[in-house]
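Comments concern the structure below.
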Amino acid sequence: MQSKRLSPVAITGLIIAAAAVIFGIYGVSTYNSLAKQNQEVTAQWSQVENVMQRRADLIPNLVSAVKGSMNHETEIFDNIAKARSNYNNATTTKAKATADSQLQAQTANLISVIKESYPKLSSQANVQTLMTQLEGSENRISTERQRYIEDVKAYNQSVVTFPKNIFANMMGLGQKATFKADPSASEVPKVDLNN
């Protein structure tokens, strides 16, 4: 009995076909992995917006409860209302982040004024509730931003490493922008009660 041997062309064809199948499987796996990470980044940003919206909805109600006790601080309350309006009218991620920074700055001013200038007022129950909610909201937002930053970092690392970067470029999956604070956030808020 004579065994049949494959011709060199057939062997080459089988090797090319096997390589194509392996490449295809890896490509699909890479695409699915990057698509999942992309969705995680998008979902995490939605969570950041969720807690920012919570703050935008909650704080004005609490401020209204305290406003009667602090008539002389109308400028801070007006700035909070304006910042909230800017947040609610923002339509892009960048605009939401900018408006959120404005709202954060104004609530930080309110916290500073209450803590540093009005120790008797801060002992009142409604003001204490406002302070607790303000601080809690800021902590929630900070936590969700940190999670967003971590998700973007993991996604961007996948997108730029070889060989995933080849597939990412072919599929149009580029790097995501990470959260960037408003440049004014690095400045210490100044509280001037004389103006």
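The values are calculated or read from the model by the stated rules, or taken from the named source; none is laboratory data. Keep in mind that this is a model prediction, so the values were computed, not measured. Backbone-built Cβ (ideal geometry, glycine too); neighbour counts: all protein chains shown.
Annotations for the structure displayed:
- Search result, residues across the stretch 1-52 that are in contact (Cβ under 8 Å) with a residue 24 or more places away in the chain and farther than 19 Å from Leu173 by Cα: Gln47, Val48, Glu49, Asn50, Val51, Met52
- Any hit, the stretch 155-172, residues being at pLDDT 80 or above, of a type in the set (Val, Ile, Thr), in a helix (DSSP H, G or I) and in contact with a Phe, Trp or Tyr (Cβ under 8 Å, 6 or more places away or on another chain): no
- Residue count for the stretch 151-164, restricted to those that are surrounded by 14 or more Cβ atoms within 10 Å (Cβ to Cβ) and in contact (Cβ under 8 Å) with a residue 60 or more places away in the chain: 6
- Only one entry in Thr107, Thr93 is surrounded by fewer than 21 Cβ atoms within 10 Å (Cβ to Cβ), modelled with pLDDT under 85 and among the hydroxyl-bearing types (Ser, Thr, Tyr), namely Thr93.
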